[in-house]
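Participant: Mind looking over this structure? Questions follow.
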Amino acid sequence: MSAGADVCLIAEGGYPYVVGGVSSWADALMRASPQLSFHVIAISVSSQARRRSFVLPANAVDVTDVILDVCPRGRTPAHSEADKIKQILGLLEIALTSGDRSTLEELIEQMRITGFGQAALLDSKEGWHAMERAYERLLPNGPLLDFFWSWRFLVRSLLAMMSTPLPQARVFHAVATGFSGVVGSYARLVAKTPLLVTEHGIYTNERRIELAVADWLFDSEVGGFDVATAPAELRSIWLNAFQSFSRISYAVADVITTQYRANQSFQRADGAPDDKLRIIPNGIDFTKFAAVPRDAAQRRPTVVMIGRIVPIKDIRTFIIAVALLKDLVPNVSAILIGPEDEDPEYAASCRQLVQQVGAESVIDFLGRVPDVLKYLSSADVLALSSISEAQPMAVLEAAATGLPIVSTDVGSCREIIEGFEGDPVDGCGGIVVEPCNPKAMAEALATILHDDALRSQMGEVMRRRVGSYYHKNRVTRLYETLYAELMAPIPASHRCGIP
Amino acid sequence: MTSSNTTIEAMTRRGTLSGVLGAYLYAAFLVAGPWIFTVLGLLGLGAATCGGGSCFDLTVFRSIVIYNSMYALIVTSPLTFISGRYASERVYSGREENVFYVLVISLGVFAFLTLLIVVPFYLYVTTLDQTEAMLSIYNAMMIGCSWLCIPFLGAIRAYSAVLVAFGMGAFSLLVFGKSLHDPHTTSILLAFNCGFAITNLVLLATVVRRFGAKITVDPELKKRVGKKWELPLAGAAYALGLWIDKIIMWHADPSNGLVVAGAIQTLPSYDSAMFWAQLSSIPIIAVFFVHVETRFSALIRAYHARMQQRATLRELNEIVRNIGTHVLSSMFGLFAGLFIVAGMMIMLSFVFMTELGLRPSYMGIFRVSLAAMAFYTSAMFCFSFLLHLDLRRPALLIVLTFLVLNGAITVALLPFGPDLYGYGNMIAATVSLLFGFSLVLRELSWIHYHAFITNNPSL
């Protein structure tokens, strides 16, 4: 156990092991406030490699791992405890479907009293009966095997989260709802320490998209030949669980932030109380990016796209857009910067698509690059084809260098490109197109590439807007103020370790 | 037994008389090969050397073989319960490189224990001369080796090898028996051992041919044995349960007993009755393995296949109901069959009393033994169902129950004299059957739980 930290940052599936937007954000957040100490809780699954992709900043005191599919076995239940097991599993089912603060409170209390874990709640005969009952309610006539594994993972994840060894901290900061939010809520209720939930994208929306394309969830046989009842959907069980996690997180958190206004309506719809909602945008090192000189050398019109090669970035739409663009701007060059190791199958399909559309001479996959600034300075426009985003750092950084943006209408991209109510900077810094529309993206890119004056004007708008609103110093001050507001002296009863 | 079940099933599906007969023989030899061979040896050599009459050397030979059979079964059963499961799992998963190592370990452990127990017994406790003692030790090794090889052959479905091995052994035994002109203990033992040696040679050669003779150590073996500790314990309890009443009786009634070679003590009136009663169960045991367990195995396979094909709970419940119906109807059918066999044995015993080595004074024990056989064999069917579902602890409970009750009740009834000989065994068998049947019924209702949780290798 390390010494107490000012902030306990709870990250899911990323920092410090996986490179990505939220991970980079978490790393930058800690580095931006060196006077604060941080303890990181990293949530992952056992199959995920825990090799650090980030060098921890000096003010990060320690990392605690929470492995969602590894939970305490707990004690073996006595025969007389069947009713207690049934009661706890009933609570777990509620937590996975329609949970709220009181559900989590009662669960934590029951788990503390009984000392139950996997042995009693999943591996016992009573636990099996409870799973069968849940199956009849949640996935009647669905494949039992699929339900079994889903139920087992979700229950184990709840048990793992509710057995998180909590570090001493003055504020817990969950970087999403979902699993991070539940761990944060657990910490809030057990350690009585304030909880800040920061949402970059809307967790449930992102999971909905992921589940929609998840090939391990298929429903071709669901319901068998039973036509009397509506087919149940396994993915709805997962979605309900994630929505429930969000509701719990919103109910328990002291402050909930998001990065842009549009997200707040989703948060309200998922049960977030108005009085807890705040906006803090992403911040970037504007000075560094704005100082990058534009490369004036003669070159092919260049489009750059920065992002992981994964389905949610919809790289395939970008590839098709470039294939269409080369008819409109014949000597165009497109550069894709981003790691391909997260979903190698998808990355391979993207490379195959490049060949199929005959764009091998136009599109270059650069993978992970050491100096992205070099490519930004020598590009003419940044493209973003994602089907879901929050406030993409790549867009903000490119904008700070004075690059115009063509982006799908996701997350806060429209706010960044077209401005927002009260924005001190007028004008558009690029073009917003609808997602999954390669033709619209190709036309928007061609418009910007063909018109030097427009490109220059848009670049300037972007540079000024990012400098005024998304400046790292401003955002850091916002977080520091919020931390200071939430930080409370550690109660004496919790100074020597948290139960 | 899964792999042997598949073989038996395939043999019966041929639709030919030879296929069905082969299946029965294969099943019988897999379950009780060395035992059947021993019976053939005792009958064949007895008839050849003494012409059916009594002679002392044959009595010595019988006593030695009874002791060796008891010793070999008790010591090899824990080993075969483990090695059989190990070999089946390895063959199923295609990782056979360590199988020969396990056979070598089994033989090594058995040889070590033989050196420790059997060698001093025959050399220093009995009054046998050195040649007789050595041949007796050799005989114990041969019987044990045979028991130890059989599970490996079951795992690779080598039914032809099993039939050929015991066929060749029996044939050579008869040839050797016929050529014996001097019915001395040494020569009878030598003939018997030679027959067993030929059988074992074929069995071992088949194992080596399939798995090779390279010893590849499995560092996980100890861990695996530790994880499935119930199996060797069940093996020991099963074998001890079979012999405990006899051991008690040998030492409880010395006045009616037979002592040969100074220390080999038996009670022929009890042993013969029990021996023939247990032997009479083999046809029904063969029926169990040929028809009942193969169908049970097929239903369990269907259950797992449908589960993997993403069946609904309702569909899986339907299969579980079919399994339950099959087990119940089979148990009642087999139980009835056992009693019919028992009845036939009682009637036949009046005609073939001398040939069976029985006397009128033994008939009371014989009738009780036959009733005990019906209960005990049915209890062992329950044991087999539970092991098939890999429910090792409930299975262990059945054989432990029989072992404890058989020993305790046999001792408790001793003061009531010969009138109640065999009743301890029968009461123990009855209680074990009732207990075993209730366990099977209980566990059948938990098949989903066992398939998904207890026996799920992914957990």
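Participant: Within region A:407-434, track down each residue that is within 15 Å of A:Met305 (Cα to Cα) and of a type outside the set (A, V, I, L, M, F, W, C).
Facilitator: A:Ser407, A:Thr408, A:Gly430
Participant: Which one is farthest from B:Arg157 (Cα to Cα) among residues in region B:278-335 that are hydroxyl-bearing (Ser, Thr, Tyr) and within 14 Å of another protein chain (Cβ to nearest Cβ)?
Facilitator: The selected residue is B:Thr312.
Participant: Related question: Name the pairs whose Cβ atoms lie under 6 Å apart, with the first residue in region A:162-183 and closer than 19 Å to A:Ser244 by Cα, the second surrounded by fewer than 24 Cβ atoms within 10 Å (Cβ to Cβ) and of a type in the set (S, T, N, Q), and 6 or more positions between them or separate chains?
Facilitator: A:Val183/A:Thr164
Participant: Could you go through region B:364-387 and let me know if any residue there is surrounded by fewer than 18 Cβ atoms within 10 Å (Cβ to Cβ), part of a helix (DSSP H, G or I), more than 14 Å from chain A (Cβ to nearest Cβ) and modelled with pLDDT of 95 or more.
Facilitator: Filtering region B:364-387 down to residues surrounded by fewer than 18 Cβ atoms within 10 Å (Cβ to Cβ) leaves B:364.
Checking which are part of a helix (DSSP H, G or I) leaves us with B:364.
Next, only the ones that are more than 14 Å from chain A (Cβ to nearest Cβ) stay: B:364.
Subset that is modelled with pLDDT of 95 or more: none.
Checked against the condition, which is being surrounded by fewer than 18 Cβ atoms within 10 Å (Cβ to Cβ), part of a helix (DSSP H, G or I), more than 14 Å from chain A (Cβ to nearest Cβ) and modelled with pLDDT of 95 or more, region B:364-387 yields no hits at all.
Participant: Something else about it: Restricting attention to region B:421-459, which residues are surrounded by 18 or more Cβ atoms within 10 Å (Cβ to Cβ), within 12 Å of chain A (Cβ to nearest Cβ) and among the hydroxyl-bearing types (Ser, Thr, Tyr)?
Facilitator: Passing the criteria: B:Tyr449, B:Thr454.
Participant: Considering region A:285-314 alone, what residues qualify as being under 18 Å from the mean Cα position of the chain (by Cα) and either more than 19 Å from A:Ala400 (Cβ to Cβ) or part of a loop (DSSP other than H, G, I, E, B) (or both)? Spell out how you get there, then give the answer.
Facilitator: If we filter region A:285-314 for residues that are under 18 Å from the mean Cα position of the chain (by Cα), which is where we start, we get A:306-314.
Matches in region A:285-314: A:Gly307, A:Arg308, A:Ile309, A:Val310, A:Pro311, A:Ile312, A:Lys313, A:Asp314.
Participant: To continue, here is another question. Within region A:118-159, restricting attention to residues that are aromatic (Phe, Trp, Tyr) and more than 8 Å from every other protein chain (Cβ to nearest Cβ), which residue is nearest to A:Phe179 (Cα to Cα)?
Facilitator: In the first step, residues of region A:118-159 are kept if they are aromatic (Phe, Trp, Tyr); the result is A:128, A:135, A:147-149, A:151, A:153.
Checking the rest, the ones that are also more than 8 Å from every other protein chain (Cβ to nearest Cβ) come to A:147, A:149, A:151, A:153.
Numbers: A:Phe147: 20, A:Trp149: 18, A:Trp151: 15, A:Phe153: 12 Å.
The selected residue is A:Phe153.
Participant: Within region A:231-242, is even one residue among the hydroxyl-bearing types (Ser, Thr, Tyr), more than 18 Å from the chain's Cα centre (by Cα) and either modelled with pLDDT of 85 or more or outside any helix (DSSP H, G or I) (or both)? Reasoning before the result, please.
Facilitator: Let us first name the residues in region A:231-242 that are among the hydroxyl-bearing types (Ser, Thr, Tyr), namely A:236.
In the following step, the residues that additionally are more than 18 Å from the chain's Cα centre (by Cα) were identified as A:236.
Checking the rest, the ones that are also either modelled with pLDDT of 85 or more or outside any helix (DSSP H, G or I) (or both) come to A:236.
Yes, region A:231-242 contains at least one residue that is among the hydroxyl-bearing types (Ser, Thr, Tyr), more than 18 Å from the chain's Cα centre (by Cα) and either modelled with pLDDT of 85 or more or outside any helix (DSSP H, G or I) (or both).
Participant: State whether the residues of region A:419-427 include one that is touching a helix residue (DSSP H, G or I) at 6+ places or on another chain (Cβ under 6 Å), more than 27 Å from A:Leu36 (Cα to Cα), surrounded by fewer than 18 Cβ atoms within 10 Å (Cβ to Cβ) and modelled with pLDDT of 90 or more.
Facilitator: We begin by selecting, within region A:419-427, every residue touching a helix residue (DSSP H, G or I) at 6+ places or on another chain (Cβ under 6 Å); these are A:424-425, A:427.
Then drop every residue that is not more than 27 Å from A:Leu36 (Cα to Cα), which leaves A:424-425, A:427.
Pick out the ones that are also surrounded by fewer than 18 Cβ atoms within 10 Å (Cβ to Cβ) and you get A:424-425, A:427.
Still in the list and also modelled with pLDDT of 90 or more: A:427.
Checked region A:419-427: at least one residue is touching a helix residue (DSSP H, G or I) at 6+ places or on another chain (Cβ under 6 Å), more than 27 Å from A:Leu36 (Cα to Cα), surrounded by fewer than 18 Cβ atoms within 10 Å (Cβ to Cβ) and modelled with pLDDT of 90 or more.
Participant: With (1) crowded, with 21+ Cβ neighbours inside 10 Å; (2) at pLDDT 90 or above; (3) closer than 21 Å to B:Ala311 by Cβ as the list, and A:Glu136 as the residue in question, which single condition is left unmet?
Facilitator: (1)
Participant: Just to be sure, is B:Ser280 over 16 Å from B:Ile82 (Cβ atoms) and either modelled with pLDDT under 85 or touching a Pro at 6+ places or on another chain (Cβ under 9 Å) (or both)?
Facilitator: Details: over 16 Å from B:Ile82 (Cβ atoms): yes; either modelled with pLDDT under 85 or touching a Pro at 6+ places or on another chain (Cβ under 9 Å) (or both): no.
Spelling it out, it is not the case that B:Ser280 is over 16 Å from B:Ile82 (Cβ atoms) and either modelled with pLDDT under 85 or touching a Pro at 6+ places or on another chain (Cβ under 9 Å) (or both).
Residue by residue, here is whether (1) at pLDDT below 85; (2) within 26 Å of B:Lys222 (Cα to Cα); (3) part of a loop (DSSP other than H, G, I, E, B); (4) outside the structural domain of B:Ala161 (by TED's automatic domain parsing) holds:
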position: B:Gly46; (1), (2), (3), (4): yes, no, no, no
position: B:Asp57; (1), (2), (3), (4): yes, no, no, no
position: B:Arg62; (1), (2), (3), (4): no, no, no, no
position: B:Thr80; (1), (2), (3), (4): no, yes, no, no
position: B:Ile105; (1), (2), (3), (4): no, yes, no, no
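Participant: Could you tell me which residue of region A:49-105 is farthest from A:Gly20 (Cα to Cα), considering only residues that are β-branched (Val, Ile, Thr) and loosely packed, with under 14 Cβ neighbours inside 10 Å? Step through it out loud before you land on a result.
Facilitator: Step one: filter region A:49-105 for residues β-branched (Val, Ile, Thr), giving A:55, A:61, A:63-64, A:66-67, A:70, A:76, A:85, A:88, A:94, A:97, A:103.
Checking the rest, the ones that are also loosely packed, with under 14 Cβ neighbours inside 10 Å come to A:55, A:76.
On the way: A:Val55: 14, A:Thr76: 41 Å.
Top of the filtered list is A:Thr76.
Participant: Could we say that A:Ala453 is surrounded by fewer than 21 Cβ atoms within 10 Å (Cβ to Cβ), of a type in the set (A, V, I, L, M) and farther than 29 Å from A:Thr257 by Cβ here? Walk me through how you get there before you give the answer.
Facilitator: Details: surrounded by fewer than 21 Cβ atoms within 10 Å (Cβ to Cβ): yes; of a type in the set (A, V, I, L, M): yes; farther than 29 Å from A:Thr257 by Cβ: yes.
When the stated conditions are applied, A:Ala453 passes them.
Participant: Residues in region B:107-116: is at least one touching a strand residue (DSSP E or B) at 6+ places or on another chain (Cβ under 8 Å) and among the polar types (S, T, N, Q)?
Facilitator: Looking only at region B:107-116, we keep the residues that are touching a strand residue (DSSP E or B) at 6+ places or on another chain (Cβ under 8 Å), and these are none.
No, the conditions are met nowhere in region B:107-116.
Participant: Could you tell me whether B:Arg359 is within 14 Å of chain A (Cβ to nearest Cβ) and modelled with pLDDT under 95? Spell out how you get there, then give the answer.
Facilitator: Numbers: within 14 Å of chain A (Cβ to nearest Cβ): no; modelled with pLDDT under 95: yes.
So B:Arg359 does not fit the description; no.
Participant: Do we have any residue at all in region A:342-359 that's modelled with pLDDT of 90 or more, over 25 Å from the mean Cα position of the chain (by Cα), among the β-branched types (Val, Ile, Thr) and not assigned by TED's automatic domain parsing to the domain that holds A:Glu199?
Facilitator: Yes, that holds for at least one residue.
Participant: Looking at region B:206-216 only, could you name the residues that are more than 22 Å from the chain's Cα centre (by Cα) and of a type in the set (A, V, I, L, M, F, W, C)? Please lay out each step first, then the result.
Facilitator: Applying the first criterion (more than 22 Å from the chain's Cα centre (by Cα)) to region B:206-216 yields B:208-216.
Across region B:206-216, the qualifying residues are B:Val208, B:Phe211, B:Ala213, B:Ile215.
Participant: Answer with yes or no whether B:Ile447 is of a type in the set (A, V, I, L, M, F, W, C) and farther than 21 Å from B:Glu293 by Cα. Before you say what the answer is, go through the steps one by one.
Facilitator: On the way: of a type in the set (A, V, I, L, M, F, W, C): yes; farther than 21 Å from B:Glu293 by Cα: no.
So B:Ile447 does not fit the description; no.
Participant: I'm trying to understand the selection: among the residues of region A:106-116, which are surrounded by fewer than 22 Cβ atoms within 10 Å (Cβ to Cβ) and either touching a Pro at 6+ places or on another chain (Cβ under 7 Å) or among the charged types (D, E, K, R) (or both)?
Facilitator: Correct list: A:Glu106, A:Glu109, A:Arg112.
Participant: Something else now. Taking only pairs six or more apart or across chains, which ones have beta-carbon atoms under 8 Å, a first residue in region A:12-32 that is closer than 11 Å to A:Val55 by Cα and in a loop (DSSP other than H, G, I, E, B), and a second residue that is of a type in the set (A, V, I, L, M, F, W, C) and modelled with pLDDT under 85?
Facilitator: Within 8 Å, the pairs are A:Tyr15/A:Val22; A:Tyr17/A:Ala49.
Participant: Let me confirm something: among A:Gly224, A:Gly201, which residue is in contact with a Ser or Thr (Cβ under 9 Å, 6 or more places away or on another chain), assigned to a loop (DSSP other than H, G, I, E, B), at pLDDT below 90 and within 14 Å of another protein chain (Cβ to nearest Cβ)?
Facilitator: On the way: A:Gly201 fails: within 14 Å of another protein chain (Cβ to nearest Cβ).
Answer to the check: A:Gly224.
Participant: Here is a check on your reading of the model: is A:Gly13 out of contact with any Lys or Arg (no Cβ under 8 Å at 6 or more places or on another chain), on the phi > 0 side of the Ramachandran plot and not β-branched (Val, Ile, Thr)?
Facilitator: Values: out of contact with any Lys or Arg (no Cβ under 8 Å at 6 or more places or on another chain): yes; on the phi > 0 side of the Ramachandran plot: yes; not β-branched (Val, Ile, Thr): yes.
Yes.
The values are calculated or read from the model by the stated rules, or taken from the named source; none is laboratory data. From a predicted model like this one, the values you see are computed outputs, not experimental measurements. We place every Cβ from the backbone using ideal geometry, glycine too, and count neighbours over all the protein chains shown.
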